[in-house]
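Everything on this sheet refers to the single structure shown next.
Read-outs throughout are calculated quantities, based only on the coordinates presented, and are distinct from any laboratory measurement. Since this is a predicted model, take the numbers as computed values, not measurements. Here the Cβ is made from the backbone with ideal geometry for all residues, glycine too, and neighbour counts use every protein chain on show.
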Amino acid sequence: MKKKIIIPSAILLVIVIMIVSSLFGGGSKITIDCVPVSETLQKTKNIHLKVYVENSGSMDGYMCPGSNLKDAVFDYVSDLSKMANTCSYYYINSKIIPCNMPLNSYIQNLTPQSFAKAGGNRAHTDLRNMIDTILHNQDKNTVSIFVSDCILDVPENAIDFFGNCQVSIKNSFNAALKQNPNIGVQIMKMDSKFDGYWYCSHNSEPLHNVKRPYYIWVIGDKYTLADFNKKAPVDDILGGIKQYCAFSTSGKIPFDVDKKRYVVNHTGVVNVQMLVNLSPSLQNQDIIGNPSSFMTSDASAKVTGIHPITADGSKYSHVLDVELSNPKSMKDVTITFSIPKQPSWVLCSNDDTGINVKKNLDKTTGILYLINGVAEAYKNYTTYGTISFDVKNK
């Protein structure tokens, strides 16, 4: 008589699990192998904050009662001044005009009367010269704030004017980049109550109780600006910003992997979280938070989500969710963070004519060419940096 083989239930369960695992591919182990990149540059010490407000005649209308410009500049500069060792305030048109007064008095004196009293050529200003002058007074310890309506003074024969302006701005920033390869630029489009005369070259128009755009430029070492942005986010400026763009040079992306060992489940997918510092790119969440800004060297790897880190003291700015859809056959992976050359809002904000302002209240004559000039200087930095790691099967 043959004896019956009785398999204990616990052993039977183990066998079933092994069979299911073998059928669905579970249990395979992989390791994310990488050399974490740490921040190597020290933060800039002895920061000198310089604030320049254009005092040309076209800016008088922003100095009316209830001006959003004055409130926004006061709020933002107040926050930045806490992080600076020294602060200097100026008017600027054909020349730099020092204002030897504290911030409260400087803001209170933003009036058409004080603008006129300060002097300079208020009738015909050249933004190319203003921006070039600011950059010439810039060093790695300086953060410059430039506030202007950014209207280009278009001559009657403007065939070559816009192109020349663009090249001039490009040349000015190219020279600045030679002096400091880490220099970055942030440009914010704002709007404010406007009550006065609008000027553009020989054209003028009275405007009463309307909203008109103006711009805040922030120029400085990208690591200093990144630190400023963390402590005084531009999105928190009183009244809010309407549009934003930024330009920065390439660099190493500090990163680490939150978890390095994984077990591949039956779907064959592994989700990896990477800690990264993208703040020196100076891009806002619209760019950083868009998965299409991240390219991967392996089609089986893709960035599926980007989340800001808000914890105080964190040396990283974001968490990257990276999906590995075929990890058992993957080897080395590189993720590249790309920076757009220019956002679409710049073209939509531009006016080429310098006339019919009432039909173009939200547009600025020539802003496209100013920002194009900056973009041209940074055209070789369309890629901010990369993150590399190996996927190893165990």
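Observations
- Proxy reagent accessibility, fewest Cβ within 10 Å first, across LEU361, LEU324: LEU361, LEU324
- When only Cα pairs below 8 angstrom with a gap of at least 6 residues are kept, the range 236-313 shows a relative contact order of 26 percent.
- Extended-chain gain in nm, criterion 0.36 nm per residue less alpha-carbon gap, SER114 and ASN100: 3.7 nm
- Across the range 144-150, rounded Karplus estimates of 3J(HN,Hα) from the backbone phi angles (6.51 cos²θ - 1.76 cosθ + 1.60, θ = phi - 60°) give 10, 10, 10, 10, 7, 6, 6 Hz, Gly and Pro being marked x.
- Derived scalar couplings ³J(HN,Hα) [the range 270-284; Karplus, 6.51 cos²θ - 1.76 cosθ + 1.60; whole Hz; x for Gly, Pro]: 10, 10, 10, 10, 10, 8, 9, 10, 9, 4, x, 5, 6, 7, 8
- The range 171-217 shape via C-alpha gyration tensor axes, a/c threshold 1.5: oblate
- Stretched out straight at 0.36 nm per residue, the stretch from ASN171 to VAL210 would grow longer than its current Cα-Cα span by 10.5 nm.
- Given LYS170/LYS252; LYS70/LYS193; LYS95/LYS211, the pairs whose alpha carbons are separated by over 18 Å: LYS170/LYS252; LYS95/LYS211
- Of PHE74, PHE173, PHE247, the one that fluctuates the most in a GNM where the chain has Cα springs shorter than 10 Å: PHE74
- Calculated mean residue ellipticity at 222 nm for the chain: -7500 deg cm²/dmol, from DSSP H runs with n ≥ 4 weighted as -39500 (n - 2.57), summed, divided by the residue count and rounded to 500.
- Inter-label distance, ASN137 to ASP362: 3.4 nm, where each label sits 7 Å from its Cα along the C-beta direction.
- Long-range HN-HN contacts of CYS64 with modeled amide H, under 5 Å: ASP195
- Amide H contacts under 5 Å for VAL264: GLY27, SER28, LYS29, ILE30, restricted to partners 5 or more places along the chain or on a different chain, H placed in the peptide plane at 1.01 Å from N.
- Footprinting exposure proxy for ARG212, ARG261, ARG122 (fewest neighbouring C-beta atoms within 10 Å first): ARG261, ARG122, ARG212
- Straight-distance crosslink candidates among aspartates and glutamates, where the alpha carbon sits under 17 Å from LYS392 and sequence neighbours closer than 8 are dropped: ASP33, ASP256, ASP258, ASP298, GLU323, ASP332
- Taking the number of Cβ atoms within 10 Å of each Cβ as an exposure proxy, the fewest-first ranking of GLU54, GLU39, GLU376 is GLU39, GLU376, GLU54.
- Prolate is the label for the range 246-394. Its Cα gyration tensor axes, ordered a ≥ b ≥ c, give a/c of at least 1.5 and a/b above b/c.
- Across the range 307-377, C-alpha contacts under 8 Å between residues 6 or more apart give a mean separation that, scaled by the residue count, equals a relative contact order of 21 percent.
- Taking every alpha-carbon pair under 8 Å whose residues sit at least 6 apart, the range 124-239 reaches a relative contact order of 33 percent.
- DSSP-defined beta bridges in the chain - what % are antiparallel, rounded to 5: 80 percent
- Amide H contacts under 5 Å for CYS200: none, restricted to partners 5 or more places along the chain or on a different chain, H placed in the peptide plane at 1.01 Å from N.
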